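Student: One structure is given below, represented as structure tokens, and several questions about it will come after.
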Amino acid sequence: MSIRLKHIVITAAISACSVLVASLWLGNALFAARPATIDSIPATLPIEAVTFAGKSGNLLSGWYVKGNAGKGGILLMHSVKSNRREMLDRANFLYRAGYSLLLFDFQAHGESAGEYITYGYLEAQDADDALSYFHQRIPGEPIGVIGASLGGVAVMLSSVVQSADALVLEAVYPSLKEAIANRIAIRLGPLGRHLSPLLIWQIKPRLGFDPAALAPIDKAGDVKVPVLLVAGAKDQHTTLAESERLYEKLPQPKQLWVIDDAAHENLHLHSPAEYEKRILNFFASYL
């Protein structure tokens, strides 16, 4: 073998090892749990700290707020690598409207147990368990759901799409493959998308499930209740085109609200007045 050829082989081997190491590092970052101690209860709400068992095998922590009897309830589900505190601003205006509330931490988030974030796989079980628990607290009353990003994915992959009474879904990715590719491209540029297959490959050995199972767009036909889908026109994590594809698959009755200058962010904090008006009108129509 010539010196030049040896140099090429060595360079290629080093490059391949570097790519593999980078993909493993990214995998660790993507799937690592995000625990947090939530040691202060907001004085703006009459909060009862609660825990309930999840079918994922993890104990889930949350806050229950009792509203007006007969008004119904809203189940609030946070985004990835966050916790129930993210939903507090929404909880405040919904409580003022009379709704009972349940905010909780998904497994591997906040104060809920869990080893890995699974981007909807175990979180869908959490969504089912949270809704069942909420029904026990306000038996016979209608329940609406707000799911932001991961929260919306968990809803779409669960039986909540049939057992709740109305859904608000914010920035929900159509498939995990697209979600990972988008996030890598944001961090590493367009060429970073080439790392996506290496990250997808890690899911089965790391987390124990087929990543093809995480495709909310394939579950859109299972939705049996009214849906308000909310999207940011400047969202690069879940693009507007992806949200529009998901919306097309959803059955009626449905609504699409596109916030022109919003990215992948807390959409209530971005447009609080309009958000509160639209959400309250939607729930008033269907709960």
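Student: So which residues in region 272-282 are surrounded by 19 or more Cβ atoms within 10 Å (Cβ to Cβ) and touching a helix residue (DSSP H, G or I) at 6+ places or on another chain (Cβ under 9 Å), if there are any at all?
Tutor: Within region 272-282, Y275, I279 meet the criteria.
Student: Those residues that are hydrophobic (A, V, I, L, M, F, W, C), farther than 26 Å from A263 by Cα and not in a loop (DSSP other than H, G, I, E, B), I need them from region 213-232; list them, please.
Tutor: A213
Student: In region 57-99, how many residues are touching a helix residue (DSSP H, G or I) at 6+ places or on another chain (Cβ under 7 Å) and either over 22 Å from S112 (Cα atoms) or among the small types (G, A, S) (or both)?
Tutor: 6
Student: Across region 69-98, what is the total count of residues that are in a loop (DSSP other than H, G, I, E, B) and surrounded by 24 or more Cβ atoms within 10 Å (Cβ to Cβ)?
Tutor: Selection size over region 69-98: 1.
Student: Among the residues of region 120-154 satisfying the criterion of being assigned to a loop (DSSP other than H, G, I, E, B) and surrounded by 24 or more Cβ atoms within 10 Å (Cβ to Cβ), which is farthest from the chain's Cα centre (by Cα)? Write out each step before concluding.
Tutor: The first filter runs over region 120-154 and keeps only residues assigned to a loop (DSSP other than H, G, I, E, B), leaving 120, 138-142, 149.
Applying the additional criterion that residues be surrounded by 24 or more Cβ atoms within 10 Å (Cβ to Cβ) yields 120, 149.
Values: G120: 7, S149: 4 Å.
If we take residues in region 120-154 being assigned to a loop (DSSP other than H, G, I, E, B) and surrounded by 24 or more Cβ atoms within 10 Å (Cβ to Cβ), then G120 is farthest from the chain's Cα centre (by Cα).
Student: Could I ask something else about it? Show the residue pairs meeting these rules: Cβ distance below 7 Å; 6+ apart or different chains; first residue within region 133-156 and touching a residue at least 24 places away in the same chain (Cβ under 8 Å) and under 23 Å from H109 (Cα atoms); second residue assigned to a strand (DSSP E or B) and among the small types (G, A, S).
Tutor: If the second residue must be assigned to a strand (DSSP E or B) and among the small types (G, A, S), the pairs left are F134/G73; G144/A166; A154/G147; V155/G147.
Here, each number is a calculation from the coordinates, and none is a lab measurement. The structure presented is a predicted model; accordingly, all values stated were derived computationally and were not measured. Don't worry about glycine lacking a Cβ; one is built from the backbone with ideal geometry, like all the others, and counts go over all protein chains shown.
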